[in-house]
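**Q** Handing you this structure, nothing more for now.
The values are calculated or read from the model by the stated rules, or taken from the named source; none is laboratory data. Bear in mind the structure is a predicted one, so any value in this text is a computation, not a measurement. SASA here: full protein model, heavy atoms, side chains in, ligands and nucleic acids out. Shrake-Rupley method; radii C 1.70, N 1.55, O 1.52, S 1.80 Å.
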Amino acid sequence: MVSFDGEIPAVWFLISSIGFVILSLIQFRNTGKSINTIFLSIMAIIFLISYIILIIPR
């Protein structure tokens, strides 16, 4: 079994970012430019930046 040691794998940020992009595209197609679409787009950008920060070698 795999034990969690409190560290979040970087791939989860990438998966979440892709999910937010898909959700924002669906939301944009259904309602157009709204506050929800902008929020989902910002969340996708934040998670993508977090993923990039985690994969950059230190």
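**Q** Using a 1.4 Å probe over the heavy atoms of the protein chains, calculate the carbon and sulfur portion of the accessible area of the chain as a whole percent. Write out the running numbers ahead of the final one.
**A** On the way: 3590 of 4890 Å².
Roughly 74 percent, rounded to a whole number.
**Q** In addition: Extension gain residue 45-residue 26, at 0.36 nm per residue separation less the Cα-Cα distance, in nm? Walk me through the numbers before you get to the answer.
**A** Details: separation 19, 0.36 × 19 = 6.84 nm, distance 1.64 nm.
Gain on extension, residue 45 to residue 26, equals 5.2 nm.
**Q** When the helices in the chain are scored as -39500 (n - 2.57) per DSSP H run of 4 or longer and the sum is shared across all residues, what 222 nm value do you end up with, to the nearest 500 deg cm²/dmol? Working shown, then result.
**A** Working: 2 runs with 43 residues, N = 58.
Calculated from helices alone, the mean residue ellipticity at 222 nm is -26000 deg cm²/dmol.
**Q** In degrees from 0 to 90, rounded to the nearest 10, what is the angle of the helix 10-31 Cα long axis to the longest principal axis of the chain?
**A** 10 degrees
**Q** In square angstrom, what is the accessible area per residue of the chain with a 1.4 angstrom probe? Can you show the working numbers first?
**A** Details: 4890 Å² over 58 residues.
That works out to 84 Å² for each residue.
**Q** For the chain, take the longest principal axis of its alpha carbons; what is the angle in degrees between that and the long axis of helix 35-55, to the nearest 10 within 0 to 90?
**A** 20 degrees
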